[in-house]
Structures are given as structure tokens and as C-alpha cells.
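S.K.: To start, I am sharing the structure in question, which I have written as C-alpha cells.
Values in this text are rule-based calculations from the coordinates and carry no lab data. Source: prediction; values computed, not measured. We place every Cβ from the backbone using ideal geometry, glycine too, and count neighbours over all the protein chains shown.
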Amino acid sequence: MTTAAMSQVRIFGDPFAGEASASALRVFLQLCFCSGMTVAIRCKPEPGSDSAEIPQVSRAVLPAAERALILAALDQVLPSTAPVVVFSPHLQGKDALELANLMWPKSCRVMLADRQRAEDLLHKVRAELRWAGTEDPDHSVDALQLRAWLRMAPPAASGPVLHLGARDPAAGTDVAVRVFARHFAANGHRLRVLLPNGDPSFCGTLRHLAAEYAPQGVDAVAAIEIVIAPLTPEIVLDCVAVMQPMRNLHDAEALVCLLASGRPVVATASRATAPIFAARDAFVPVGGRWLTMGGGLLDVCEPDMDSLADCLHKVLCEPRLAKEIGLRGRNHVIAELTADRPAAPPIVSARRTTAKAHIVLEAPFFAHGAASEVAIASALALLRRDNVHLQLVATQPFRTGLAEFRNRAPGLAPLFSPNAAAIDLWLASGLPLRNLRPKCSVFAQRFDWEYGALPSALSPLLVQECDQLVVHSNHVQRTLTSGGRSAEGICLIPHGVDAELFNETKQPLAEIVQWKGSLPAVLFVGELSFRKGFDLFLRATLAAARQGLRFCVVVKACAGEQQPVKSQLGGLIERFQRTPGAPSMLFLDRQLSRSEMAGVFRACDLLLHPYRGEGFGLPVLEARACGLPVLITKGGATDSFAVGAGVVTIDSKRRLLDLATRHLAEPWLLEPEGASLAAALSDSLRGLNRLQHEARGVASVVRESFSWDRAALSIEQLGERAMTQSRAGKPAAAAVVAPRHSLAL
């Protein structure tokens, strides 16, 4: 084992806390530093939550040298297999150890400090490193070779775009030149095409392509510099971005070096490049389409030229974003693509002791959001039914601890497995989508999308590569089939409701009942965003108040998977509250349990959800299960489960959108008609007693028709079919059809 591999350790714990564990952490940190170890500290579970700013209470306590040492360790990035030492208050140690195992599943060893002497702990760390040995992951590069790349300064605000080219069509050099000539040469940008094995005839071909694709009057040839030389850091130093529209994985070692340079890499996203770009946020993905060439002998992913142009424009016009993407790419190389790192523990295949299908649910279980709630509900139903062998895999972010998770999902914590093998069905959820296929018979991906057309960057992943796509509404199913996905490769599994919690017989949330008094409460649940129609909600309630109707407003803000609670339209709340004649508003932005959330529905009198875009609309279903009348947009994802008694629909029209990212077709949302919305709310408030009676009359039918047990049954059936394939020795294959909106060049 190399000296570097033996000298790495990650610490999980808070060095600024007042407990004895924090003092022990700092002693261990100093000893590691004096012993030549490279140390990284993670203070909190959530990625990016480590602040380089030391809290005020610690400034006067810790010496300056000690503070500097902690700050240096906070910024350190290590291989994902480095050993982890957990420092935690004694009574919380077991949970902290389990959480660390989930956060770093590839770590060669996760151990609890638990009052051990620093010298003994360091000895154990080194012993574990020697015992683990080293490994070279696929496509990894030697640390010595990467050293100069990892030390490169961040990209400047301006400079050329680099493309590492080759005559081999797999490199996509012709695509890079065509796109640059057509879209960027006229705007003062420069392209540097590096040809390590170039020849004069190919250089001439590229210049001809540049002249052919350039707009009239633009000298694209002059904007393209062709260099025949080996790839070195010096050639990349003044570049601001890297463009690699590969048809297949080409020169993986060089690609890893370019990622390590800290320059944002714009590259084709496909199963061929996924081993390099396993972390999708480490590069800018370009869409494409798998083509079979050479009489079926060769599969290539033809990159989409428009998608490539959009992605490159994005990084060139937003230097701050480009720098962030480049840094994530560099960190990904350190974590996953450096050779001679400590070896990860072996994946032990589960031995089949029953005839049950082996299913993995992968999701951000420790986050708060739709993907987490849906995965937890599915897992609880599968566990309760006990018809499959179930394992759970947690993904980032880890925003809650195990104690909170146990309260949210009793019985699920023991099902977490850092490594899983011999899997029949692997069902992944959450963003970003998994682009590296796990080891399983059938790889399935949950997909939720509101905009009516697929982003180009998700093709071919969703169109051709996933064995099975799980969607929850006809709306998303139509989006996928119109993008070219075969209907046979899509499984429609509507969401369910917990009938024990979401019903009309339990207690309402006392906070709302006391606040609203005798007034009816109009409820909004969701992100405070344009897509969810929060602005329309506020306008409609103001219009109803102007007509003399007396009511109040309750807003339960929910954060999206990648957005804070008060995102996008949160500022409208203050304007609403300052508006003369506006109804009183109760704004709830704290995290509520599922039981409390059900109490919110029961405490209110009407749900108004004038959405522009929904993948399903779970709050609408939960409100109906509680016997609450709903006012919703007509023509969207809720059409399949929100019709009939207790439902008032709002007329809408399709609204085409000009989004920053390229889509396979023109994206769109629904635009509820303002007059119809205002009239529907006013009429509903006037006839509220009748609507409430109707809604309560069908609540039990809603709960029976849309249960998590039914959703779990569908997942079980997918697992059973996957098990049949696995035992028959037939690998699953995704259905491939020609997209209606072709990506061919």
C-alpha cells in the first residue's frame, strides 16, 4: 500500500461542540496532523453544511492554530473508501456510527472513537488501512499523475474552450467543431482542439467543417485553434471549459484528468460514459440517442447538437456556476477515480433462503421531500405485506438523524444496507437520477416531471437505457411515450394514502382550529412556486375577499428536493399581508410529521391548488382522503383521481415555455384561467356546506381506491417478473424505439 493510501482518515463529528467528544476529536486531529495523516472533517450529515466560519462561541475558546487546523480539515476531500472515525456524545454513539456507515458505504472501516486514547485510535486506523489493502476502481488514474491536475488554479473568467479530439468518431470531434462554428464563433469565443495523435489531413477536415457550419460572414476557422500535442495541464490552464460530445467512451484516462483540472466538463451522458460521470452533478450532461451501426456490431450515442450548444452556453455565461461544477468534478475524481485508494469492503451476495423476490428501494430517505415520503410509504407497505425480501439504500442528502427517521418510519431502519447484491429489482428514486446501472436483474427508475416534454439531457437514460420506468400519473406516462419511450417499458403506479392518518375521523391540528375561529379556512399546500400556482392562489383569495366573502387562508409551505421552503414566490406573502382587505393568513413553514400534516387537512375547509404543473399532486389525494373539498386545475395530472363529488375544476390552457435547458419537444405547463379560478373559489365558499358533505361522502372510496398497499402490490409484481428473468438467466433489456422528436444529426 502506498504511503498516501495509508495516511487518510475522515472524522465525523463536531469539533466546536461543548461535549467531551469534541475535545477528544480535536486531540485526535492534532495527533493525525503531527503524524502526517491527511484528515477530512464532516461536522453535519447534510452535504455542504460544513461551514468554514467558526461559531462566535468558539472563537475565544480555541487557539488560532487549532482553529486553522480545523478549517483546513473541513475543506479536505478524500477517497470515498477512506476510514471514518466517529466522535459523538456517548449516548448517541450507536446512532452516529450507523449513520456514518450509510453516509460512506464504501469506507474500508467505520469505527466509533468512544473514549479511546488518541494514540490507540490512530494505531487502529492504520491497522485497518493495512488490513483493507488497496484497489484501483475502473477508469481510475494514479494519484501521482493526477497531482498536477488537482493543483491547477480555478478557470479564469474568459479563455478558450478545450476539446480533446481524435479522428475516431467515438470522440465526437466533428460534433464539437460543428456546434462551436454554428453557435459560438460569431460571439468572440475560441475553441482549442487538442489532437494528441493528429495528422494534417484530419486538421483540414475539421477546418472544412468549421467553414461549412459557420453562419454567413463568420470566420469560424480563425476562431478554432488546432494543436497537435500530448495532453498536459499547461495546455488546459487558460481554458474555461471542456467540451466532449462523445459517441462512446473515448480516452477515459484523459477524461479523468480533465475532470480533475477543475474546468466544467460538458459531455454526453450515456451508459458508456456513466462509469466516469457516476455523480451527475460533477459534469454538464448532454443528451443523445443510442444508434446501432455496422450491421448491429456497434452501439453509439449520437449527441444532440442543440443540447450541446445550450449546455456550453450555460457554463460560458455563468462563470460562478461553471466554477462550482468544475469543483464538483474535481472532488468526484478524488473521491471515486483515484487509483491505489483503500479498498472498499466486498459486496456479499445474499443467499436465497426463500422464494421471495429481492428488491432494493434507493431514495433520499433522510431528506424531506416528495421522493423521501413516497419511498418511505412504499417501503412500509412492502414491509407490512412481507411478500418480498426488502433492502433500502439511502442517498444524499442526509438531513435528519436515525432517531428522527425511526419516528417517521418505524421498522425501516434495520433494512438499510450499504452494499447490496443478487438483486432482482432495483428501484431508484430522487434527484439527480441515477445514471450508473447497479448490479441487478432489472433496473427501474421512478420518474416525475411536470413540463410535458423530456429534457434532452435525460435521453437516452430514460428513453432507452432504464429497464423499467415507474410513473405515477397518465400525464407523465404520456410525456415519456411522446419522447420515444416504449409503453411496455413504463409501469403506472399511482400514489396512495395512509388511511389510518388521512381520514375525516381523527383530530384536526389544534393550532389552526384555535387560530381560524369560526371562519372557513382556504388551504394551500406545496412549494411557493410558479409551477404550483402559488401566485394564482393569492390572487384568487384576494378576489374572493373583495366580493365580501369572509374566510381566512392557511399556507403550508413544502420545500422541493432542491429548493428552500421560501423559494421563488415566497416574497409574495409579505405583499399579500400588506394588501388592504386581504384575508388573514397563517403561514406554516416548519417541518410537520405525517400525522400533523393530516391534521392540517382536517382543520381546514377547502383546498385550493391551481397548479400549472404537477407530476401527480399527492396533497390533493390526501385532502380528498380527509373529506376536504378540492379546487384544482383541469387537464393535468390530477384528472385521474380527482373527479366527481367534492371536486371543482378550473379551466386551463396549455402555456408553452422557453426554458433554459433543451427538451425533446416544446415544454409546456397549464395556465388556469383567472376568471374561472376566481369564480370557482367564490362559488365554492358560498356553497361550502354542500361541497363538504359531498367530499366526506366519497372520502372512504378515495382511501380504498388509492392505498399504499395497492402501490406495493405493483412493486411486488415488478420484482417477481425480475426474479423470473434472473432465474432464467435472461438479462433485462430496455425497449428501444425511434423517438418521435429525433435527436439524429
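S.K.: Computed FRET efficiency, Cβ-Cβ of Arg710 and Asp658, R0 30 Å: what is it to the nearest 0.05?
M.R.: So the FRET efficiency works out to roughly 0.15.
S.K.: Same structure again: Which order do the peptides 80-89, 10-19 come out in when sorted by mean C-beta neighbours inside 10 angstrom, highest first?
M.R.: With the highest mean Cβ count within 10 Å placed first, the list reads 80-89, 10-19.
S.K.: Sticking with this structure for a sec: Straight distance only, please: which lysines reach the Cα of Lys506 with their own Cα at less than 26 Å, same-chain residues fewer than 8 apart left out?
M.R.: Partners found: Lys516, Lys556.
S.K.: Put a dot 7 Å past each Cα toward the Cβ at Lys124 and Leu519; how far apart are the dots in nm?
M.R.: The two pseudo-label positions are separated by 5.9 nm.
S.K.: Bins of 10 Å, beginning at zero and ending with the bin holding the largest distance: percent of Cα pairs per bin for the range 477-633, please.
M.R.: 10, 37, 34, 13, 5, 1
S.K.: For Gln116 and Thr292, compute 0.36 nm times the residue count separating them, minus their Cα-Cα distance, and round to one decimal in nm.
M.R.: Contour length minus the Cα-Cα distance gives 57.4 nm.
S.K.: HN-Hα J couplings of the range 149-166 from phi, Karplus 6.51/-1.76/1.60, θ = phi - 60°, integer Hz, Gly and Pro as x?
M.R.: Each residue's phi maps through the Karplus curve to give 5, 6, 8, 5, 5, x, x, 6, 6, 9, x, x, 8, 9, 10, 8, x, 6 Hz.
S.K.: A further question follows. Report, in deg cm²/dmol and to the nearest 500, the calculated mean residue ellipticity at 222 nm for the chain, where each DSSP H run with n ≥ 4 adds -39500 (n - 2.57) and the sum is divided by the residue count.
M.R.: -10500 deg cm²/dmol
S.K.: In which sequence would Ile632, Ile512 go, from the one with the fewest C-beta neighbours within 10 Å to the one with the most?
M.R.: Ordered from fewest to most neighbouring Cβ atoms within 10 Å, Ile632, Ile512 come out as Ile512, Ile632.
S.K.: Lys and Arg at +1, Asp and Glu at -1: add these up for the other residues within a Cβ distance under 12 Å of Pro583 and post the number.
M.R.: +3
S.K.: Okay, moving on. So if we plug the beta-carbon distance of Val227 and Leu62 into 1/(1 + (r/R0)^6) with R0 = 60 Å, what FRET efficiency do we get, rounded to 0.05?
M.R.: According to the calculation, E is roughly 0.75.
S.K.: Here is a follow-up. Run the Debye formula on the Cα coordinates of the chain, all scatterers equal and no solvent, and tell me log10 I(q)/I(0) at q = 0.07, 0.09 1/Å.
M.R.: Evaluating at q = 0.07, 0.09 Å⁻¹ gives log10 I(q)/I(0) of -0.57, -0.95.
S.K.: So, in nm, how far is label Lys44 from label Glu666 when the simple model puts each one 7 Å beyond its Cα toward the Cβ?
M.R.: Reported label-point gap for Lys44 and Glu666 is 4.4 nm.
S.K.: Test of understanding: ordering Trp668, Trp426 by Cβ neighbours within 10 Å, fewest first, what list do you get?
M.R.: Ordered from fewest to most neighbouring Cβ atoms within 10 Å, Trp668, Trp426 come out as Trp668, Trp426.
S.K.: I've got another one for you. If eta is 1.002 mPa s and T is 20 °C, what Stokes-Einstein diffusion coefficient results for the range 5-133, Kirkwood Rh from Cα pairs, in µm²/s?
M.R.: Translational D for this selection: 147 µm²/s.
S.K.: Give, as a single signed number, the net charge of other residues whose beta carbon lies under 12 Å from the beta carbon of Pro342, with Lys and Arg counted +1 and Asp and Glu -1.
M.R.: Cβ neighbours under 12 Å give a net charge of +2.
S.K.: Right, here's the next one. What is the helix-to-structure angle for 64-74, meaning the angle in degrees between its Cα long axis and the longest Cα principal axis of the chain, kept from 0 to 90 and rounded to the nearest 10?
M.R.: 80
S.K.: Sticking with this structure for a sec: Near the amide H of Val84, under 5 Å away, which other amide H atoms are found, from residues 5 or more places off or on another chain, if H is placed in the peptide plane?
M.R.: The list, which skips near neighbours in sequence, is Arg10, Arg109, Val110, Met111.
S.K.: While we're looking at this one, here's another question. Please list, ordered by chain and number, the residues whose modelled amide H lies under 5 Å from the amide H of Asp114; skip anything fewer than 5 residues away on the same chain.
M.R.: Under 5 Å from the amide H of Asp114 lie the amide H atoms of Ser88, each far enough along the sequence or on another chain.
S.K.: Pull up the cross-link candidates among the lysines for Lys94, meaning alpha carbon to alpha carbon under 22 Å and not fewer than 8 places away within one chain.
M.R.: Leaving aside lysines fewer than 8 places away in the same chain, those within reach of Lys94 are Lys44, Lys106, Lys124.
S.K.: Express in % the proportion of alpha carbon pairs of the range 357-496 at distances exceeding 20 Å.
M.R.: That tail contains 46 percent of the Cα-Cα pairs.
S.K.: Same structure again: What relative contact order, as a whole-number percentage, does the range 357-496 give when Cα pairs under 8 Å and 6 or more residues apart are counted?
M.R.: Reported relative contact order: 20 percent.
S.K.: Any chance you could give the angle, 0 to 90 degrees and rounded to 10, that helix 674-686 forms with the longest Cα principal axis of the chain?
M.R.: So the inclination is approximately 40 degrees.
S.K.: Ok, one more. Under the classification rounded if a/c is under 1.5, otherwise prolate if a/b is larger than b/c and oblate if not, where does the range 127-233 fall, given a ≥ b ≥ c as square roots of the Cα gyration tensor eigenvalues?
M.R.: prolate
S.K.: Related question: If I model a spin label at Thr724 and Arg385 as a point 7 Å from the Cα along the Cα→Cβ vector, what separation in nanometres do I get?
M.R.: Inter-label distance under the simple model: 1.6 nm.
S.K.: Another question about this same structure. Using Cβ contacts closer than 10 Å as the measure, can you line up Leu454, Leu618 from fewest to most?
M.R.: Listing Leu454, Leu618 from fewest to most nearby Cβ atoms yields Leu618, Leu454.
S.K.: Report the local net charge at Leu436: Lys and Arg +1, Asp and Glu -1, summed over other residues whose C-beta lies under 11 Å from its C-beta.
M.R.: For residues surrounding Leu436, the net value is +2.
S.K.: Report the gain in length on full extension from Asp138 to Ala170: 0.36 nm times residue separation, minus Cα-Cα distance, nm rounded to one decimal.
M.R.: Contour length minus the Cα-Cα distance gives 9.6 nm.
S.K.: Along the Cα-to-Cβ line of Leu237, 7 Å from the Cα, sits a label point; which residues in the range 147-178 have backbone N less than 20 Å from it?
M.R.: Under 20 Å, as judged by backbone N against the label point of Leu237, lie 147-164 of the range 147-178.
S.K.: Now a separate question. Once phi is turned into ³J(HN,Hα) by the Karplus curve 6.51 cos²θ - 1.76 cosθ + 1.60 with θ = phi - 60°, what whole-Hz value does each residue of the range 176-193 show in order, with x for glycine and proline?
M.R.: 4, 5, 4, 5, 5, 5, 6, 10, 10, 4, 6, 9, x, 7, 10, 10, 10, 9
S.K.: Would you list, by chain and number, the lysines whose Cα falls below 19 Å from the Cα of Lys314, excluding same-chain residues fewer than 8 positions away?
M.R.: Cross-link targets: Lys323.
S.K.: Still on this model: For Ser584 and Ser158, what is the calculated FRET efficiency with R₀ set at 60 Å and r taken between the beta-carbons, to the nearest 0.05?
M.R.: Using R0 = 60 Å, I get an efficiency of 0.70.
S.K.: Can you list residues whose amide H is under 5 Å from Ala428's amide H, if they're 5+ apart or on another chain and H is modeled 1.01 Å from N?
M.R.: Correct list: Glu362, Ala444, Gln445, Arg446.
S.K.: Another question, then. Between Ser640 and Glu212, what length in nm is gained on full extension when 0.36 nm per residue of separation is reduced by their alpha carbon distance?
M.R.: Fully extending the segment from Ser640 to Glu212 adds 149.0 nm.
S.K.: Could you run the Karplus curve 6.51 cos²θ - 1.76 cosθ + 1.60 with θ = phi - 60° over the range 467-476 and give me ³J(HN,Hα) per residue in whole Hz, x for Gly and Pro?
M.R.: So the Karplus estimates, Gly and Pro as x, are 5, 8, 10, 10, 10, 10, 8, 4, 4, 5 Hz.
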